[in-house]
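Worksheet for the structure shown next.
The values are calculated or read from the model by the stated rules, or taken from the named source; none is laboratory data. Here the structure is a predicted model, which is why all the values come from computation and not from measurement. Here Cβ is always computed from backbone atoms with ideal geometry, including for glycine, and neighbour counts include all displayed protein chains. When the accessible area is computed, the model is the full protein with side chains, heavy atoms only, and any ligands, DNA or RNA have been set aside. Shrake-Rupley method; radii C 1.70, N 1.55, O 1.52, S 1.80 Å.
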Amino acid sequence: MLSVQEALDQLLSHATPITQADSVATLAAGGRVLAESIYAGIDVPPTDNAAMDGYALRSADVRPGTPLPVGQRVAAGALAMPLAPGSAARIFTGAPLPHGADTVVMQEHCRIGADGVAFLRQPTSGEHVRRRGEDIRAGSVLLVAGTRLRPQELAYAAAAGLAQLRVIRRPRVAMLFTGAELAMPGGPLAPGQIYNANRYALGALLHALGCETTDFGIVPDRLDATRATLREAAAGHDLVISSGGVSVGEEDHVKAAVSAEGALEVWKVAMKPGKPLAFGALRRAGGGSAHFIGLPGNPVASFVAFVQFARPFILRMQGVVLVQQQALAMRAGFACAHPDARTEFLRVRVGTGGLLEPVGAQGSALLHSLVQADGLAVRAPGRAIAHGDLVPYLPFGELLA
């Protein structure tokens, strides 16, 4: 069996970058990936300005207890007159520093009287002044190509005056589900049926990654129907993802169908939950191919396999370099005495004192373990965990963003 890292490395090595780009409003670019590096055209801030409400002055003019006359009032967005020697200017946060001033004394350290403003302490030059270009220098690289745009990157681009950004077009992903036992919520269940929970999880996971998705629904358990659906899905998509049907049962037709419509590798990954992971390519009638990833059918196994493999693959297709979430080291509030040969992803929550606590039964079909968990604790192959041990922890807050 392949280790989790070996399987991921092989998968990522096949990711074909999307080269087409869109120009979108910065306001609408959240979650998108920059297609090209962007450069600052201006200094930010554009001029020296006050970091506090107070009084702007030359620090050398200050004698504690001796007042300086106040010659002007400067609000944010206003123009400041040059500072007359031996005077001060009333100034507010963000207002431009008058020419000649080198310091802002915060108002809490000032005393206002009939003769002007006196100071309770001797200021140092540069105190409470934001310097021109302190945040962004004109001509500098603002953000590099391949950056996935979070709110903070959008704010950074906007601060530099960028109203439009060139971003990689959204990945086009088709999803399909196999299993005669599956039914859609809203209707009755026939004997032996279950509702198709994976459709809702997979759709939401793809939406969070900014994908354009097409849902091909539940495919009949027949080879001809599976081949026809795969052929249609490959035609207009970068990636086709299936859930279920990648094992070797007589009713599992995905493996044979993908092999007939392209090429397929089925990897046994040393992980729990989930072991079978399928990867391949589907031919397009007009030339080229679409990637294919086959996830397990059990809901928890499908979820874990997606965040460990499909998510990094989709990000790499968009040009993101760092696609693996970095685990946090946290203390275990539980013990696992019996080592397993596989990497195990335990559903845990952060409990009392910051210790990780398991959420109960860890079966690969038990969705309540995902609902009650805050993230995944990773148990390395062959490792027992004692109470208080440091273990890698992957919080859902980052895995699902």
Next item on the list: Only residues that are of a type in the set (Ser, Thr, Tyr) and at pLDDT 95 or above: list them for segment 196-241, please.
Entry: Tyr200, Thr213, Thr214, Thr229
Next item on the list: Kindly provide the set of residues from segment 248-288 that are out of contact with any Gly (no Cβ under 8 Å at 6 or more places or on another chain) and of a type in the set (Val, Ile, Thr), ordered by number.
Entry: Val248, Val269
Check: Out of all the residues in segment 94-109, is one or more open to solvent by 60 Å² or more (accessible area, probe 1.4 Å), of a type in the set (S, T, N, Q) and under 40 Å from the mean Cα position of the chain (by Cα)?
Finding: no
Next item on the list: Could you check Leu223 against (1) free of Cβ contacts under 8 Å to residues at least 40 places away in the same chain; (2) out of contact with any His (no Cβ under 9 Å at 6 or more places or on another chain); (3) open to solvent by 60 Å² or more (accessible area, probe 1.4 Å) and say which number it fails?
Entry: (2)
Checklist line | Residue selected from segment 112-133 under the condition farther than 17 Å from Met52 by Cβ, touching a residue at least 12 places away in the same chain (Cβ under 8 Å) and open to solvent by 40 Å² or more (accessible area, probe 1.4 Å), by the criterion farthest from the chain's Cα centre (by Cα) | finding: Asp115
Checklist line | Which listed residue is in contact with a Pro (Cβ under 7 Å, 6 or more places away or on another chain) and not hydrophobic (A, V, I, L, M, F, W, C), from Gly41, Gly30, Gly94, Gly77 | finding: Gly30
Next item on the list: Please enumerate the residues belonging to segment 120-133 that are assigned to a strand (DSSP E or B) and either in contact with a Leu (Cβ under 8 Å, 6 or more places away or on another chain) or acidic (Asp, Glu) (or both).
Entry: Val129
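Residue-by-condition table, conditions (1) exposed (fewer than 13 other Cβ atoms within 10 Å of the Cβ); (2) in contact with a Phe, Trp or Tyr (Cβ under 8 Å, 6 or more places away or on another chain); (3) more than 30 Å from Ser140 (Cα to Cα):
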{"position": "Ser3", "(1), (2), (3)": "no, no, yes"}
{"position": "Ala7", "(1), (2), (3)": "no, yes, yes"}
{"position": "Gln10", "(1), (2), (3)": "no, yes, yes"}
{"position": "Ala15", "(1), (2), (3)": "no, yes, yes"}
{"position": "Asp22", "(1), (2), (3)": "no, no, no"}
{"position": "Thr26", "(1), (2), (3)": "no, no, no"}
{"position": "Leu34", "(1), (2), (3)": "no, no, no"}
{"position": "Ser37", "(1), (2), (3)": "no, no, no"}
{"position": "Ile42", "(1), (2), (3)": "no, no, no"}
Margin query: Give all pairs with beta carbons closer than 7 Å in which a residue from segment 345-363 that is within 10 Å of Asp374 (Cα to Cα) meets a residue that is among the hydroxyl-bearing types (Ser, Thr, Tyr); count only pairs at least 6 apart in sequence or on separate chains.
Written below: Arg347/Ser369; Leu356/Tyr393; Val359/Ser369
Checklist line | Subset of segment 134-174 (residues that are hydrophobic (A, V, I, L, M, F, W, C), closer than 30 Å to Ile293 by Cβ, open to solvent by 10 Å² or more (accessible area, probe 1.4 Å) and assigned to a strand (DSSP E or B)) | finding: Leu143, Ile168
Check: What is the one condition in (1) surrounded by fewer than 20 Cβ atoms within 10 Å (Cβ to Cβ); (2) part of a strand (DSSP E or B); (3) within 19 Å of the chain's Cα centre (by Cα) that Gly217 does not satisfy?
Finding: (3)
